[in-house]
Amino acid sequence: MSYVRNICLLTALLCSYSANAAEPLPPITVNASRTAIPVDQVAGALTIITKREIDNQNAVYISDLLQAVPGLNVTTQGSAGSITQIRLRGGEANQVLVIIDGIEVNDPANSSEFDFAHLLADNIERIEILRGPQSSLSGSDALSGVINITTTRADTGTQLISTSAYGSENSYEAGLKFFAGSEKFNLALSGNFIDTDGFNSATTGHERDGYDNTTLNLKTDYQLNDNVNFGGSTRYTNASNEFDPAPLGVPVDGYGKNDVEQIYARGFIELQTLNDHWVHLAEASMIDTSNDSIDGIFGRSKSEATKEKFSFQSTIYLPELESLFLNQSLTFALEREQERFSQQGASFPGFDPNQKQKITNYGRIAEYRTNFLKQWTLSASFRHDDNDAFDNQNTYRVGVNYLHPPSNSKTYLAHATGAKNPTFTELFGFAPNNFIGNPNLKAETSESWEIGFSQGLFDDRLHLQTALFWEDLIDEIQTVFLPTFESTVINSDSRSERNGLELSLHSQLTDSLSASGAYTYLDASESDISGNNRSEIRRPNHQWSGQVNYSFMADKANLNVTINHIGDRKDIDFSTGDRLTLDRYTLVNVAMNYQFNDALRIFSRINNLLDEEYQDVFGFETGEFSGLIGIELRL
């Protein structure tokens, strides 16, 4: 992109107060604790993407919505369906816990990370992004933070919604949703289908890498009486993507295909006793995943995994001390989680990837929360994990939150530790690449500090949030290359640092015009095997985003413009092992909606309006200018 174009975009951003972030946080509860709490009591950096914001952007994939969140970076490796990773505050993708309708969906068959390539944006009600270590509440996968995704819940009555869209690269999308709700019962059922020819993921050749995805989702709950509520959810995804083989870590034009199947399920029952002062929650969830891959170089490989989790928690709400406006709660929880992993693939000299593994973990959690004098909130949590494959781990988090209503401001301070267990891949290797596992790995641990401030002005029509964070990662798991052209992993002897600043701003300029934006500075560094300090790959030092939303024609029409800028960052040419710099880039996306009446809506979206050329991962192409147009019918 030219220098002049960048200056123009930045000027527009500043003039509109731009910087992403969700709208000012509403006074509702979120899952930033073992129990639901008001947003203004969260001692941490939280971004909420609401249903309205999701609908305004007409995004196809959840990853498109997350690109503008402060402290968050998205990378894709080619055409639709290719690996899509999300990092929070410089952490690895497998250090971010992803939850969908209460189900922890990080995949043990995919290095314990969640691949966002197959997660569609339709039928999503709300996305919460909580940054910073949350291991004391949520366990190993939450070292860098938690992304909590909630699908749409039915309103009272019944409704049928049908969507259909067509776009660039011969892309077709269809969706059907049914909702039924009453005061006691709620049912939401949805199905989505996507098929696209895609584009060539390699920098050479012209063969397109196609993709298709079928996703079904069911969620229901029933309020038996004033004290008992139970329900469950299940989600099924069957996807297939073509890819270009990468024999030396960089793709070359050719044939490869990956078939993915994901099954998620959860059931729960909640019991309230002692006039709601003692609340119990029992849950059971499971995921079952399969990744079946074939290409013309390595042949066929397959990995499968299951994760079963059972938990019980009990929360006591202590009597209120009116003289101090003091509210207190104590939560205790027990968890049992078992992961099973199997892998099939071609053997290499000295390495057989065919294996079956199992790991079981028992977690014990305690959390104390108190709110006093209507302004102060103190939270403290502790977790002990008993794992049959690693040393036992203790993690904790302490946070204090101060509200100052006269100035409409909030200040918080938090200190936390985190832990991330080695993955099956790191322990035992994987196919088809010649990667040798290390069964002697230790868990990664972290220690962090965070301070944040938020300020509302002009009756909260202007809202500013900022956060500073410092985190040290100990025993980081690093890849090393062997003289035999194989690779393995070891625990680093040095500490890795992840320090940064996050800024976000939202402005409601008029009743119909809003602007928001975010800026992130990140310094993520590690020591190489020689002890020399270096920047971690795919972590930009600077990134910013801006969003303008305008409703007009009596709120029947809506225009949304989003700008995302990613700064220079390091990467590796895996064919040579050399480190290099990926150029900065700026993307502009535009979405338009028009509501003809209560039953009919027309929507459209343009991705990469300025046709920017860029790479998230060295050697992998990304999407050019593209668009779609669709229709939604409500019955």
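Details
- The residues listed here are ALA188, ALA180, ALA239, ALA165; of these, the one that is surrounded by fewer than 18 Cβ atoms within 10 Å (Cβ to Cβ), part of a strand (DSSP E or B) and of a type in the set (A, V, I, L, M) is ALA180.
- Residue-level check: of (1) assigned to a helix (DSSP H, G or I); (2) of a type outside the set (Lys, Arg); (3) modelled with pLDDT under 95, SER63 misses just (3).
- Count of segment 389-409 residues, restricted to those that are in a strand (DSSP E or B), farther than 20 Å from ARG498 by Cβ and in contact with a Gly (Cβ under 8 Å, 6 or more places away or on another chain), is 1.
- Verdict on ARG87 being under 22 Å from ASP472 (Cα atoms) and either open to solvent by 10 Å² or more (accessible area, probe 1.4 Å) or in a strand (DSSP E or B) (or both): yes
- Residue tally, condition over 22 Å from ASN392 (Cβ atoms), in a strand (DSSP E or B), open to solvent by less than 50 Å² (accessible area, probe 1.4 Å) and of a type in the set (A, V, I, L, M), over segment 410-452: 1
- If you filter segment 585-621 down to residues that are in a loop (DSSP other than H, G, I, E, B) and touching a Phe, Trp or Tyr at 6+ places or on another chain (Cβ under 6 Å), you find that the one that is surrounded by the most Cβ atoms within 10 Å (Cβ to Cβ) is ASN608.
- Any chance GLY256 is of a type in the set (Gly, Ala, Ser), surrounded by 15 or more Cβ atoms within 10 Å (Cβ to Cβ), within 25 Å of ASP107 (Cα to Cα) and modelled with pLDDT under 95: yes
- For the residues PHE458, PHE453, the requirement of being without any contact (Cβ under 8 Å) to a residue 12 or more places away in the chain, among the hydrophobic types (A, V, I, L, M, F, W, C) and over 30 Å from ASN354 (Cα atoms) singles out PHE458.
- Residue within segment 41-55 that is of a type in the set (Ser, Thr, Tyr), over 28 Å from HIS404 (Cβ atoms), open to solvent by less than 10 Å² (accessible area, probe 1.4 Å) and touching a strand residue (DSSP E or B) at 6+ places or on another chain (Cβ under 8 Å) present: no
- In this structure, TYR211 does not satisfy being under 20 Å from ALA284 (Cβ atoms) and either part of a strand (DSSP E or B) or not aromatic (Phe, Trp, Tyr) (or both).
- Note on segment 562-584: among residues that are among the hydrophobic types (A, V, I, L, M, F, W, C) and within 22 Å of the chain's Cα centre (by Cα), the one that is surrounded by the most Cβ atoms within 10 Å (Cβ to Cβ) is ILE563.
- Residues that are over 24 Å from PHE341 (Cβ atoms) and not small (Gly, Ala, Ser), drawn from segment 102-133: LEU120, ASP122, ASN123, ILE124, GLU125, ARG126, ILE127, GLU128, ILE129, LEU130, ARG131, PRO133
- Some residue of segment 18-31 being closer than 30 Å to VAL250 by Cβ, of a type in the set (Ser, Thr, Tyr) and either within 19 Å of the chain's Cα centre (by Cα) or modelled with pLDDT under 95 (or both): no
- Tally, over segment 191-224, of residues that are of a type outside the set (D, E, K, R) and open to solvent by 30 Å² or more (accessible area, probe 1.4 Å): 13
The values are calculated or read from the model by the stated rules, or taken from the named source; none is laboratory data. All values reported here derive from a predicted model rather than from experimental measurement. Using ideal geometry, Cβ is built from the backbone for each residue, glycine included, and neighbour counts are taken over all protein chains shown. These area figures cover heavy atoms from the full protein model, side chains too; ligands, DNA and RNA do not enter into them. Shrake-Rupley method; radii C 1.70, N 1.55, O 1.52, S 1.80 Å.
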